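Take a look at the structure set out below.
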Amino acid sequence: MTIWRTSVIFAVVAAVLIIVNLTWLVPALRAIEAAASVLALQVLERARSDVSGSLATLQKQMEQAAEEIGVEPERGRTVIDRLLKHNPAIKSVGIAGGDGKEILRIDRFRFVSPADLGVYAEERSFTEARDGSASFGDIFVSPELEPHMTLAVPVRRGGRVAQALIGDLNVRGLVSAIHAPPTRTGDIYVVDREGNQIIHPDLSELLRRPYFGDRAIVRRVIDGAVTAHGLAPEDGYRSEVGEHMFAVGMPVGIADMSIFFEQPRSIALAGQRQMIFLAGITVLLGAVIAAVVIVANMRLTRLNTVLEERNQESVVSAKILVRRDRELVAANARLRDLLLELESVGKMLVRRDLELSRANARLEELDVIKSEFVSIAAHQLRTPLTGVRWSYQTILDRDGASLTPEQRRLLTSGLGATLRMIDLVNDLLSVARIEEGRFGIRLRTQSITPLLEQFITRYAMLGKEKGISFALELPKDKPLPDLVFDEERIAMVLDNFLDNALKYTEPGGTVVMRAIEDHARIAVSVQDSGIGITPSQLHRVFTKFFRADNAIRLHTSGTGLGLYVAKNIIEKHDGAIDVKSEEGKGTIFSFTLPIA
Ligand code: ADP
């Protein structure tokens with residue numbers, strides 16, 4: 001909700017509250033005013049009837065006395081004495097002739113000498129009495145500080161006014177009548193026909209005789225002889241001390257006097273103030289409640305918006321969750337299928353594993369049988385082969401001269417074949433021993449130099465036949481240190497290296513055997529300038545029965561076992577065997593042995 005909308009709602013609520021309050025407040029205020037007016041009029045009416053009643057009584061008694069004196073003028077003194085006796089409010093009574101001169105006066109308290117008699121020709125009350133109507137004079141304060149008033153009534157004789165009876169009335173009784181109104185919160189005052197205050201409970205006020213004819217309400221009552229209820233807007237006035245006054249007034253109904261009751265508005269209409277205060281509180285409370293409700297509503301609206309957004313987010317999240325859930329279910333199903341597949345694969349693998357284990361066991365068995373067979377066969381073959389070899393050798397050595405060239409060629413070829421057979425059988429026996437773990441070595445600390453020299457000498461001779469040179473290179477400065485090795489086995493390795501060099505090198509080639517000391521080891525290498533080995537087959541040279549394609553082409557015979565055996569021998573000596581070769585250029589076979 002915008003601030004603007006909130007303000008409009010708040011203004012409307014406040015306006016409604018004010019209007020609702022006004023609808024009851026205005027009549028209520030009027031009612032309070034009316035009630036105050038009624039109350040004030042009651043008080044005033046009581047005072048008015050007191051004043052008019054007592055004045056009327058005095059007037060009546062005076063008129064009765066005047067009537068008696070009119071009938072019997074000589075009884076004037078007696079009548080006045082009786083009047084004074086019966087009416088303590090009358091201080092003195094005199095009789096004035098038609099010319100206004102007083103001819104007799106009897107005072108309640110003192111003797112009146114002829115010099116004290118007054119002349120009333122000019123006095124309004126006298127002239128009015130002479131004109132035939134009873135008339136009250138103005139109130140005045142006597143030397144004894146008592147409020148006094150003159151009352152003149154006509155004395156008729158023979159149908160016309162002959163004299164006037166003039167009474168000096170002490171009006172303290174009247175003042176008392178208005179002195180203490182039932183409610184102490186207001187004052188009662190009486191004004192004459194001009195608007196001068198003539199009766200007031202306060203004597204000093206009476207002496208001052210203030211003028212109230214300028215008050216609208218006073219003017220209205222005097223001029224219109226009507227009762228003023230104080231409800232007209234112009235009826236209110238400010239007192240002499242500036243206080244707002246509420247007043248009611250009415251004619252006394254005698255001697256042209258008007259009587260008023262005034263109260264400060266703050267007292268007379270105190271109810272109104274309370275009402276206005278109450279209405280203000282109601283509007284304020286209403287406004288506060290409206291503000292609270294509107295603010296709470298704003299907060300609720302905002303909260304609602306936030307909740308709606310959250311709700312939408314939740315719906316979206318829920319949808320995503322549902323989708324994820326579906327995906328998960330599908331993935332789960334796939335996983336289950338895979339698991340099932342895996343299970344069957346696993347079972348198959350277990351089966352295969354079993355089969356393989358069985359096959360392996362069988363193979364191992366076969367291997368053992370084969371090794372045993374090779375071993376037995378080789379042993380069985382070696383003895384007769386050795387026999388055949390010696391037979392050939394003996395015939396060739398002993399009967400060489402008597403043999404025809406054809407016989408010599410056949411015998412030499414037979415001897416070569418037999419020697420190759422012996423080599424094969426020896427290789428097979430070595431392999432069989434290696435595989436059976438019976439290929440032991442007998443170590444001895446000794447120099448390798450004699451063995452190297454012995455072998456190079458032998459192969460130099462063999463090489464000469466084929467046109468290949470053999471050379472040995474040894475360190476020149478100092479002899480090679482001793483090594484720990486099995487001479488017979490290392491001899492097999494050297495024989496294999498040199499035999500291969502001789503076999504796989506074309507006539508005219510060179511073979512160099514070297515021995516050097518290197519990092520607490522002695523490295524022995526045989527380098528030839530032969531056919532070499534292709535890089536694709538180089539890594540297989542130390543495996544059983546391997547023969548390179550170029551080697552097979554050059555030399556049909558060969559077992560492919562020599563290097564396999566050599567590798568095993570070197571490793572048994574804690575040494576390392578290695579090969580470097582370039583096809584068509586040559587090969588270097590080498591091994592290292594630890595120095596003793
Ligand atoms: P054999 O010499 O009886 O064939 P070896 O185990 O001694 O068996 O050699 C295995 C193979 O390694 C040979 O067949 C040959 O292909 C290759 N080889 C060995 N020495 C050389 C060499 N010096 N030059 C070229 N090829 C060789």
Restricting segment 524-546 to residues that are in contact with a Ser or Thr (Cβ under 8 Å, 6 or more places away or on another chain) and part of a loop (DSSP other than H, G, I, E, B), the residue that is surrounded by the fewest Cβ atoms within 10 Å (Cβ to Cβ): F545
Of all residues making up segment 425-446, the number that are open to solvent by 40 Å² or more (accessible area, probe 1.4 Å) and assigned to a loop (DSSP other than H, G, I, E, B): 6
Pick from segment 504-523, criterion acidic (D, E) and not in a strand (DSSP E or B), ranking: nearest to the ligand (Cβ to nearest atom): E506
Test: residue in segment 485-498 that is open to solvent by 20 Å² or more (accessible area, probe 1.4 Å) and within 8 Å of the ligand (Cβ to nearest atom): yes
Candidate set: segment 576-593, residues that are open to solvent by 20 Å² or more (accessible area, probe 1.4 Å) and of a type in the set (G, A, S); chosen: the one nearest to the ligand (Cβ to nearest atom): S581
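Determine if segment 458-479 includes at least one residue that is within 16 Å of the ligand (Cβ to nearest atom), in contact with a Phe, Trp or Tyr (Cβ under 6 Å, 6 or more places away or on another chain) and either open to solvent by 40 Å² or more (accessible area, probe 1.4 Å) or part of a helix (DSSP H, G or I) (or both).
Quick first cut of segment 458-479, residues within 16 Å of the ligand (Cβ to nearest atom) only: 459, 462-463, 466, 468-471.
Subsequent filtering for residues that are in contact with a Phe, Trp or Tyr (Cβ under 6 Å, 6 or more places away or on another chain) retains 459, 463, 470.
Restricting the remaining residues to those that are either open to solvent by 40 Å² or more (accessible area, probe 1.4 Å) or part of a helix (DSSP H, G or I) (or both) gives 459, 463.
The answer is yes, given that some residue of segment 458-479 is within 16 Å of the ligand (Cβ to nearest atom), in contact with a Phe, Trp or Tyr (Cβ under 6 Å, 6 or more places away or on another chain) and either open to solvent by 40 Å² or more (accessible area, probe 1.4 Å) or part of a helix (DSSP H, G or I) (or both).
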Any pair with Cβ under 6 angstrom, 6 or more apart, that starts in segment 230-246 at a residue that is assigned by the TED database to the domain that holds D214 and ends at one that is in a loop (DSSP other than H, G, I, E, B): Y237/R215; M245/S239; F246/G230
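Look at segment 527-552 and say how many of its residues are small (G, A, S) and either over 28 Å from A471 (Cβ atoms) or more than 7 Å from the ligand (Cβ to nearest atom) (or both).
Residues of segment 527-552 that are small (G, A, S), as a first pass: 529-530, 532, 536, 548, 551.
With either over 28 Å from A471 (Cβ atoms) or more than 7 Å from the ligand (Cβ to nearest atom) (or both) added as a condition, the list becomes 529, 536.
Qualifying residue count for the region: 2.
Among the residues of segment 556-566, what is the count of those that are more than 7 Å from the ligand (Cβ to nearest atom) and surrounded by fewer than 20 Cβ atoms within 10 Å (Cβ to Cβ)?
Matching residues across segment 556-566 total 2.
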Where a residue in segment 548-572 is over 30 Å from G437 (Cβ atoms) and its partner, wherever it lies, is more than 8 Å from the ligand (Cβ to nearest atom) and among the small types (G, A, S), with Cβ under 9 Å and at least six apart: N550/G584
Residues of segment 127-178 satisfying the condition of being touching a Pro at 6+ places or on another chain (Cβ under 7 Å), among the basic types (K, R) and surrounded by fewer than 21 Cβ atoms within 10 Å (Cβ to Cβ): R172
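The values are calculated or read from the model by the stated rules, or taken from the named source; none is laboratory data. From a predicted model like this one, the values you see are computed outputs, not experimental measurements. All Cβ positions, even for glycine, are placed from backbone atoms using ideal geometry, and neighbour counts span all protein chains on display. Ligands, DNA and RNA are excluded from the accessible area calculation, which covers all protein heavy atoms including side chains. Shrake-Rupley method; radii C 1.70, N 1.55, O 1.52, S 1.80 Å.
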